[in-house]
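Comments concern the structure below.
The values are calculated or read from the model by the stated rules, or taken from the named source; none is laboratory data. Just so it is clear, the structure is predicted and the values come from calculations on it, not from any experiment. For neighbour counting, all protein chains shown are included, and Cβ atoms are generated from backbone atoms with ideal geometry for every residue, glycine included. Calculation scope for accessible area: heavy atoms of the full protein, side chains included, ligands and nucleic acids excluded. Shrake-Rupley method; radii C 1.70, N 1.55, O 1.52, S 1.80 Å.
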Amino acid sequence: MKSSDHLDVARPGKRWELLKAMCGAGAMSIREAARRVGRDVKAVHGDVVALLNAGVLTRAPPMSPPHRCHELTGNRKGQLSMDLDHPYRLLFQPSHDPLPVRKEGGLDWNLVTAIKILEIEDTHG
């Protein structure tokens, strides 16, 4: 699998907004995902299908969000990781200077408007 295999479906934009809305929220319906991003159910369904086909989302009745979307530490501080099809992970970072952070620490997702995709890699290999 090449990094470019997933870039067209995980880029900033409406699909990125959809991923942000679903990340860490648990299983949800397409209707709920559409409500959260303020978009038409049919359009969100198309994006969910594309993200499923790319392995960015996985299906578990009825639907599951990206798994293990979390901030990294150490020499990857400021970057985030999201599980794709095992063993691959999407590594990305907010495209902001400086990074928007919360008073209590950590990334302020509400202020992230753009990302830079760094790579897709097998972090166990």
Exercise for the section: Tell me, please, whether a residue that is closer than 19 Å to Gly24 by Cβ, surrounded by 16 or more Cβ atoms within 10 Å (Cβ to Cβ), modelled with pLDDT of 80 or more and within 13 Å of the chain's Cα centre (by Cα) can be found in segment 58-70. Expected result: no
Handout entry: Of all residues in segment 88-121 being in a strand (DSSP E or B) and of a type in the set (Lys, Arg), the one that is surrounded by the most Cβ atoms within 10 Å (Cβ to Cβ)
Key = Arg89
Exercise for the section: Only residues that are of a type in the set (D, E, K, R) and more than 22 Å from Leu57 (Cα to Cα): list them for segment 71-121, please. Expected result: Arg76, Lys77, Asp97, Arg102, Lys103, Glu104, Asp108
Completion exercise
Checked Ala33, Ala54 against criteria (among the hydrophobic types (A, V, I, L, M, F, W, C), modelled with pLDDT of 85 or more and in contact with a helix residue (DSSP H, G or I) (Cβ under 6 Å, 6 or more places away or on another chain)); the one match is Ala33
Fill in the blank from the handout: Contact list, first residue from segment 100-115 and modelled with pLDDT of 80 or more, second anywhere and basic (Lys, Arg) and not in a loop (DSSP other than H, G, I, E, B), beta-carbon distance below 9 Å, six or more apart or interchain, is Val112/Lys20
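Would you confirm, using the coordinates I've provided, whether Asp85 is open to solvent by 30 Å² or more (accessible area, probe 1.4 Å), closer than 25 Å to Ala34 by Cα and in a loop (DSSP other than H, G, I, E, B)?
Against the criterion (open to solvent by 30 Å² or more (accessible area, probe 1.4 Å), closer than 25 Å to Ala34 by Cα and in a loop (DSSP other than H, G, I, E, B)), Asp85 qualifies.
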